[in-house]
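The values are calculated or read from the model by the stated rules, or taken from the named source; none is laboratory data. These figures come from a predicted structure and were not determined experimentally. All Cβ positions, even for glycine, are placed from backbone atoms using ideal geometry, and neighbour counts span all protein chains on display.
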Amino acid sequence: MPGVLKTETGKGLALSAPASLYVGLLVAAPLAILVAYSFWTQTYVAIDKTLTWANYIEAATDPLVRHLMLRSILIAGAVTLATVALAYPIAYFIAFRTQKKTLWLLLITIPFWSSYLLRVFSWKLILGFNGVMNSALLTTGAIDEPLTFLLYNEFAVVLTLAHAWAPFAILPIYVSLQKIDRAYLEAATDLGCNRLERFFRVTLPLTVPGIIAASLIIFIPTVGDYVTPSLVGGSQGKMIANLMQVQFGAANNWPLGATLSLVAMASVGAVAIGFVVITTALGRRIR
Amino acid sequence: MSDQNIIEISGVEKRFGTFTAVSDLNLDLKKGEFFSLLGPSGCGKTTALRMIAGFQDNDKGSISIDGQDMADIPANKRPANMVFQSYAIFPHLNVGDNVAFGLRKLGLSKAEIKTRVAEALGMVELGGLETRKADELSGGQRQRVALARALVMRPKVLLLDEPLSALDKNLREAMQLEMRRLQQKLGITFVMVTHDQYEAMTMSDRIGVMFAGKLAQVDRPDVLYARPCNRQVASFIGGMNFLQARMVGDGGGQMDVDVQGFGKLTIGVNPNVEIHDTDLLVGVRPEQLEIGAEKPDGYDGYLQGEVSDVAFYGESVHYHIRAAGLDETLAVAVPNYFHTVDHQRGDTVWLGVQNASVIDLGAREHQ
Ligand SMILES: Nc1ncnc2c1ncn2[C@@H]1O[C@H](COP(=O)(O)OP(=O)(O)OP(=O)(O)O)[C@@H](O)[C@H]1O
Ligand SMILES: [Mg+2]
């Protein structure tokens, strides 16, 4: 085919080839392998490659899977809610109330200058039985014996992740706030709104895209997080990824692990789509 | 206060740091008038308008609307509404909801809101466009929505910050007429900021001309054109030839002056001028000079010169005349009656002027 690179289609294909190859190798291929594994089964010595729904049936019927899946989604939801709720005022402050925007944005990224593991361990030190929090409360006499509900539970997981994710929520919300033409705010005031009404009727609906972006960025990876729950979650705070890790590791049941991954992906996808649809619809209802 | 006045501004000053954006602003606006604030970029027009709207506090002086002092009344409680330069149409709402935005606070029934929105949209000729999205509107339509959204509130005063500057020339001229018609129909006081002299003149009952934060003159458009108070105002509104003159005698509202190039003339004393002196500045509008190859009959002053430039404008032809004893060329505008350009560069021509065309601009030292 002489001159194929001269046609528009040819050029397009040629230009997108490296990206397609990259995506193909790094995303599509592993996913295909994962799907294949999920239909196989693990015998004691080898993988049985006859196709079967067995793993899916096990995932659907095992109460542990259901319990962990639900808990993962709830914890991720709580993390998302907490992070976005805390990030919004910070983003608002940077966008509207300070001249030193760059400085503040820089300060917000400072936690990233240290490793995530280090930050999780810091929370362990803060929340632990002999940790900073308990020591402080004990010395001030606020409590008589160390609090035990601080660490190794869902609360610790939510707190640690909300702290870790903060910049990921602040930045998209900040961008959407920053984009708002100040004339819209003045127009709302001019038409009789006080500050609060103006926030709910103009600022908030205009930042819905930022809120959605922030929520997805946080929610999706959080459902699959396993480092945080295993370090600060205790048995109460275990999540679905911990179970997957067991299947791929100690239990050596890759097919079931693959099935769990796919089920988790599908659940996250469904929840995320539902969230986007509902939030967008809610945003539209504000008039 | 007089009950003829809807807005009374006295001694208002606004500073940004050490920079004074508006100083000693005194202005009374009458009920139902179309008032324009005209001035070059950065002279403080928007700042003045925003102080009336309540978006900016004044450092000195007082502003009252309809007899009520606005000092402690926030922007959202003032009986004035604004049309923003960028229109500020809420992008998350459709046209109907944009117009209904302010109404939703008034505790009206749904049906009532609907009627008033439809009525307002009808007024700006956008009837039936309620469900159109904000980003599907043309520039002219956005301008109309902004107008409807403010008018639907039935304000006592409508404030407009360069409402037409984003539109192309034809649309702008059509909207000028339409807004004027609407204003007269509704009888609401319009306060418009503009830097376009023609816009100000065609639309307004009165114009306030501002320079560097100060109001130089407030008058009807025709008075502003005929009796500008100084050189600055004279050159900002319309074209003007400036000439030096000496007062040789005065009395009875008239004065005899010796005008550079034209000689002895008798002109009216301009009541808007603050300071007179024997050394005067006078002005003549380009269209009020007569030009001819022969000396024209029946004029009070004459001058002979040479055409240095010809500019064809379509509806008129502008000649620039250089004459002995004048520092600058004189502009002469001749209506294009017969599709002819009568004089060419280098031609020797006569100019004639009537006494009544010469405008007294006051002492030369105080320009
Ligand atoms: N918030 C502000 N802070 C500091 N200076 C300001 C502020 N707003 C306006 N100014 C200054 O005040 C002066 C008047 O501004 P203003 O916006 O009133 O001008 P304008 O007459 O509306 O001009 P334009 O025709 O360009 O809109 C300008 O020199 C401007 O730089
Ligand atoms: Mg302005």
Quick one: A:S235 ticks every box in (1) outside any helix (DSSP H, G or I); (2) small (G, A, S); (3) within 14 Å of another protein chain (Cβ to nearest Cβ) bar one, so which box is it? (3)
When residues of the stretch B:215-229 are limited to those that are in contact (Cβ under 8 Å) with a residue 40 or more places away in the chain and in contact with a strand residue (DSSP E or B) (Cβ under 6 Å, 6 or more places away or on another chain), the one farthest from ligand 2 (Cβ to nearest atom): B:C229
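Every residue in the stretch A:244-287 that is among the hydrophobic types (A, V, I, L, M, F, W, C), surrounded by 13 or more Cβ atoms within 10 Å (Cβ to Cβ) and not in a helix (DSSP H, G or I), please.
If the condition is that a residue be among the hydrophobic types (A, V, I, L, M, F, W, C), surrounded by 13 or more Cβ atoms within 10 Å (Cβ to Cβ) and not in a helix (DSSP H, G or I), then A:A251, A:I286 are the ones that fit.
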Return yes or no: is B:R206 crowded, with 17+ Cβ neighbours inside 10 Å, more than 24 Å from B:L106 (Cβ to Cβ) and either within 16 Å of ligand 1 (Cβ to nearest atom) or at pLDDT 95 or above (or both)? yes
Filter the stretch B:83-106 down to the residues that are of a type in the set (S, T, N, Q) and more than 7 Å from chain A (Cβ to nearest Cβ), then identify the one that is surrounded by the most Cβ atoms within 10 Å (Cβ to Cβ). B:N98
Give me the pairs: first residue in the stretch A:131-146 and under 24 Å from A:V120 (Cα atoms), second residue among the acidic types (D, E), beta-carbon distance under 9 Å, and six or more apart or on different chains, which are they? A:N134/A:E145; A:L138/A:D144; A:L138/A:E145
Please name all residue pairs, on different chains or six or more residues apart, with Cβ atoms under 8 Å, provided the first residue is in the stretch A:236-252 and is at positive phi and the second residue is not aliphatic (A, V, I, L, M). A:N252/A:Q42
Let me confirm something: among B:K110, B:K31, which residue is closer than 22 Å to B:F190 by Cβ and more than 9 Å from chain A (Cβ to nearest Cβ)? B:K31
Here are B:S41, B:S86, B:S109, B:S62: which of them is over 18 Å from B:M153 (Cβ atoms), away from ligand 1 (no atom under 12 Å from the Cβ) and not β-branched (V, I, T)? B:S62
If you scan the stretch B:1-50, which residues turn out to be in contact with a Lys or Arg (Cβ under 6 Å, 6 or more places away or on another chain), within 13 Å of ligand 2 (Cβ to nearest atom) and not polar (S, T, N, Q)? B:A21, B:V22, B:L37, B:G39
Assuming B:S64 fulfils every condition listed in (1) part of a loop (DSSP other than H, G, I, E, B); (2) away from chain A (no Cβ under 14 Å); (3) farther than 30 Å from B:A234 by Cβ apart from one, which condition is it? (1)
Only one of (1) in contact with a Lys or Arg (Cβ under 7 Å, 6 or more places away or on another chain); (2) surrounded by fewer than 21 Cβ atoms within 10 Å (Cβ to Cβ); (3) assigned to a strand (DSSP E or B) does not apply to B:Q56, and that is (3)
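Okay, residues lined up against (1) within 14 Å of chain A (Cβ to nearest Cβ); (2) buried (at least 18 other Cβ atoms within 10 Å of the Cβ); (3) over 19 Å from A:T189 (Cβ atoms):
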residue: B:N5; (1), (2), (3): no, yes, yes
residue: B:G11; (1), (2), (3): no, no, yes
residue: B:L27; (1), (2), (3): no, yes, yes
residue: B:A48; (1), (2), (3): no, yes, no
Name every residue in the stretch B:130-152 that is over 20 Å from B:R181 (Cβ atoms) and part of a loop (DSSP other than H, G, I, E, B), in order of residue number. B:E130, B:T131, B:R132, B:L137, B:S138
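Looking at the stretch B:67-82, which of its residues are surrounded by fewer than 18 Cβ atoms within 10 Å (Cβ to Cβ), within 14 Å of another protein chain (Cβ to nearest Cβ) and in contact with an Asp or Glu (Cβ under 9 Å, 6 or more places away or on another chain)?
Filtering the stretch B:67-82 down to residues surrounded by fewer than 18 Cβ atoms within 10 Å (Cβ to Cβ) leaves B:67-69, B:71-74, B:77, B:79.
Now restrict to residues that are within 14 Å of another protein chain (Cβ to nearest Cβ): B:73-74, B:77, B:79.
Of everything in the stretch B:67-82, just one residue is surrounded by fewer than 18 Cβ atoms within 10 Å (Cβ to Cβ), within 14 Å of another protein chain (Cβ to nearest Cβ) and in contact with an Asp or Glu (Cβ under 9 Å, 6 or more places away or on another chain), namely B:P79.
Being more than 14 Å from chain A (Cβ to nearest Cβ), on the phi > 0 side of the Ramachandran plot and away from ligand 1 (no atom under 16 Å from the Cβ), is that true of even one residue in the stretch B:179-201?
Residues of the stretch B:179-201 more than 14 Å from chain A (Cβ to nearest Cβ): B:179-190, B:192-201.
Retained after the next criterion (residues that are on the phi > 0 side of the Ramachandran plot): B:187.
Those left that are additionally away from ligand 1 (no atom under 16 Å from the Cβ): B:187.
Within the stretch B:179-201, one or more residues are more than 14 Å from chain A (Cβ to nearest Cβ), on the phi > 0 side of the Ramachandran plot and away from ligand 1 (no atom under 16 Å from the Cβ).
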Going through the stretch A:32-60 in order, the residues found to be under 13 Å from A:N253 (Cα atoms) and in a loop (DSSP other than H, G, I, E, B) are A:F39, A:W40, A:T43, A:Y44, A:V45, A:A46
Members of the stretch B:29-46 that are assigned to a loop (DSSP other than H, G, I, E, B) and either surrounded by fewer than 21 Cβ atoms within 10 Å (Cβ to Cβ) or of a type in the set (G, A, S) (or both): B:K31, B:G32, B:E33, B:G39, B:P40, B:S41, B:G42, B:G44
Could you check the stretch A:188-204 and list, in sequence order, the residues that are of a type in the set (A, V, I, L, M) and within 10 Å of chain B (Cβ to nearest Cβ)? A:A188, A:L191, A:V202, A:L204
